[in-house]
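Asks: Sharing a structure, written as structure tokens. Questions coming.
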Amino acid sequence: MSLLEVKNLHVRVEEREILHGLDLTVNPGEVHAIMGPNGSGKSTLSHVIAGKPGYEVTDGEILFKGENLLEMAPDERAAKGVFLAFQYPVEIPGVTSMNFLHTAYNAQRKARGEGELMAPNFLKKVREVAKSLNIPLDMLKRGVNVGFSGGEKKRNEILQMALFEPALCILDEMDSGLDIDALRLAADGVNALRSPDRAMVVITHYQRLLNYIIPDVVHVMSKGRVVKSGGKELALELEESGYAQFEDAA
């Protein structure tokens, strides 16, 4: 069974339709890259899957493990295994990253009917995960994303991904604002989390990210729908010729 199935999805923001009948199928273990110019609807798709408010789905459906995702609140979707890494992660002053992670982790366990993990056991788990991803623990004593560089924010999200063990990771323009070293570190973290049970949807403008996170499938979005899909060579073709050729197809 497919992990994620998006069928004929139409989405409006206020009076404007952004997605016009989008289709997408993602199977367990696959990494899909979604590329397209600004305004093609890439981030809208990621936000609608995660349940961000402000979007009106006027037609179509999103199935996750065969269940209707659109009937679930954002926290239910997270507990089911949907994770969105934001393009611009928010800062939460006054809340340490460790407290944030512990609260979120236990909220997910509770939603799944599992027992909560006490602080000493959770600390042990975080240490193990952080070590496996080469993430310094002193990051976790700071406020969530407060004063973090772009690279640190991305690594913090990768740590969250590793802890929460989602079945579907959506990475929305994770290369945004990163220099090449930070990008490589972030990509290493993502690659460490690839598994036969986990799928990833990587949303990006640029082919450079796909040098580090090699996709199984590349989709080109234009004007609110997927207009072409192919292998990783499609990303290289886009780098050469740009998106203009797909405007007519849309």
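Asks: Can you tell me the FRET efficiency between Glu247 and Lys110 if r is taken as the Cβ-Cβ distance and R0 is 45 Å, rounded to the nearest 0.05?
Replies: 0.40
Asks: Apply the Karplus parameterisation 6.51 cos²θ - 1.76 cosθ + 1.60, with θ equal to phi minus 60°, to every residue of the range 49-63 and state each ³J(HN,Hα) to the nearest whole Hz, in sequence, with x for glycine and proline.
Replies: Result, ordered by residue: 4, 7, x, 5, x, x, 10, 10, 7, 9, 6, x, 8, 10, 9 Hz.
Asks: Tabulate in residue order the Karplus-calculated ³J(HN,Hα) for the range 3-18, using 6.51 cos²θ - 1.76 cosθ + 1.60 with θ = phi - 60°, rounded to whole Hz; enter x for Gly and Pro.
Replies: Result, ordered by residue: 7, 10, 10, 10, 10, 6, 7, 10, 9, 10, 10, 6, 9, 10, 7, 9 Hz.
Asks: What are the residues whose amide H is under 5 Å from the amide H of Lys228, where those residues sit 5 or more places off or on another chain and H is modelled from the backbone?
Replies: Here Val220 satisfy the definition.
Asks: While we're looking at this one, here's another question. Sticking with the crude label model, points 7 Å out along Cα→Cβ, report the distance from Lys141 to Asp75 in nm, one decimal please.
Replies: The modelled label-to-label distance comes out at 3.1 nm.
Asks: Restrict the search to the range 54-115; then list the GluC sites (Glu not before Pro) that DSSP places in a loop and that have at most 14 other Cβ atoms within 10 Å of their Cβ.
Replies: Taking the range 54-115 and a limit of 14 other Cβ atoms within 10 Å, the loop GluC sites (Glu not before Pro) found are Glu91, Glu114.
Asks: Here's something else I'd like to know. Full extension from Arg12 to Glu233: what is 0.36 nm times the residue separation minus their Cα-Cα distance, to one decimal in nm?
Replies: Result: 76.3 nm gained on full extension.
Asks: Rounded to the nearest 0.05, what FRET efficiency is calculated for Ala119 and Asn191 with R0 set to 35 Å and r the Cβ-Cβ distance?
Replies: So the FRET efficiency works out to roughly 0.70.
Asks: If you don't mind, there's one more thing I want to ask. Quick one: which residues, 5+ away or cross-chain, put their amide H under 5 Å from the amide H of Leu84? H built at 1.01 Å from N.
Replies: Ile170
Asks: What value, in deg cm²/dmol to 500, does the helix sum -39500 (n - 2.57) over DSSP H runs of n ≥ 4 give at 222 nm once divided by the residues of the chain?
Replies: -10500 deg cm²/dmol
Asks: List, in order, the whole-Hz ³J(HN,Hα) value for each residue of the range 140-146 obtained from phi through the Karplus relation with A = 6.51, B = -1.76, C = 1.60 and θ = phi - 60°; use x for Gly and Pro.
Replies: Ordered by residue, 3J(HN,Hα) equals 7, 7, 8, x, 4, 6, 6 Hz.
Taken together, the values in this text are just the output of simple stated rules run on the coordinates, not laboratory data. Because the structure is a prediction, the values reported are computed rather than measured. Neighbour counts run over all protein chains shown; Cβ positions are idealised from the backbone, glycine included.
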